[in-house]
């Protein structure tokens, strides 16, 4: 009978110190993600590595702040909490064991209403709201790859904001667990959501300047 060596623990696995050591054709888990010691930011979607855009532009940061602050203010006194990137969201399918988690993303903004999903490393499970602000070069990833994992995980609302087009688009999860698209919004219009009572986002203020 062969002596089968047990799978090494996270502590026994060697660190991955440079981006050159990453095999972009291989499958990675959150356990592997925790071994990354380089500065470059990566996300894992269904086991595959995706490079994130360089540091967000000034406009990107400005828009993020103009969305984050109204949400933060509206949540005062509520159980829901809002976080901005960098903030790891682990979307588990089988178990919450690090070796079984194959999607780890860093949305620009997330709202989490279940305190049990929050731990010292971020969020484990689907946030209630995910906000992605598109940057040149990553539109395909946001619109296709992330759409699929957010829908599968049960994210209630997925907001996509384009700074270049000055548009706001939202998917809302229906009773069957499928995203339903809403009207494309732009300057002069407002955004509300049932998840945050009393919240109102004025797009004229978001996209000004």
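The values are calculated or read from the model by the stated rules, or taken from the named source; none is laboratory data. Because the structure is predicted, anything quoted here is derived from the model rather than measured. So basically every Cβ, Gly included, is an ideal-geometry build from the backbone, and we count neighbours across all protein chains shown.
Go through the range 165-209 and report how many residues are farther than 21 Å from residue 114 by Cα, touching a strand residue (DSSP E or B) at 6+ places or on another chain (Cβ under 6 Å) and without any contact (Cβ under 8 Å) to a residue 12 or more places away in the chain.
The qualifying residues number 1.
Name the residues in the range 125-146 that are at pLDDT 95 or above, under 22 Å from residue 29 (Cα atoms) and buried (at least 20 other Cβ atoms within 10 Å of the Cβ), would you?
126, 127, 130
Taking the criterion of being modelled with pLDDT under 95, over 23 Å from residue 134 (Cβ atoms) and either touching a strand residue (DSSP E or B) at 6+ places or on another chain (Cβ under 6 Å) or not in a strand (DSSP E or B) (or both), would at least one residue in the range 52-64 satisfy it?
no
Residues that are under 21 Å from residue 203 (Cβ atoms), modelled with pLDDT of 95 or more and not in a helix (DSSP H, G or I): does the range 83-104 have at least one?
yes
Looking at (1) assigned to a loop (DSSP other than H, G, I, E, B); (2) surrounded by 15 or more Cβ atoms within 10 Å (Cβ to Cβ), which is the one condition that is false for residue 49?
Every listed condition holds for residue 49 apart from (1).
Might you let me know whether the range 147-155 holds any residue that is more than 15 Å from the chain's Cα centre (by Cα) and more than 28 Å from residue 35 (Cβ to Cβ)?
no
Name the single residue that is surrounded by the fewest Cβ atoms within 10 Å (Cβ to Cβ) among those in the range 147-177 being in contact with a helix residue (DSSP H, G or I) (Cβ under 8 Å, 6 or more places away or on another chain) and more than 15 Å from residue 130 (Cα to Cα).
Applying the filter and picking the extreme gives 177.
Give the residue, chosen from 88, 108, 98, that is within 15 Å of the chain's Cα centre (by Cα) and either without any contact (Cβ under 8 Å) to a residue 12 or more places away in the chain or closer than 25 Å to residue 18 by Cβ (or both).
On inspection, the qualifying residue turns out to be 88.
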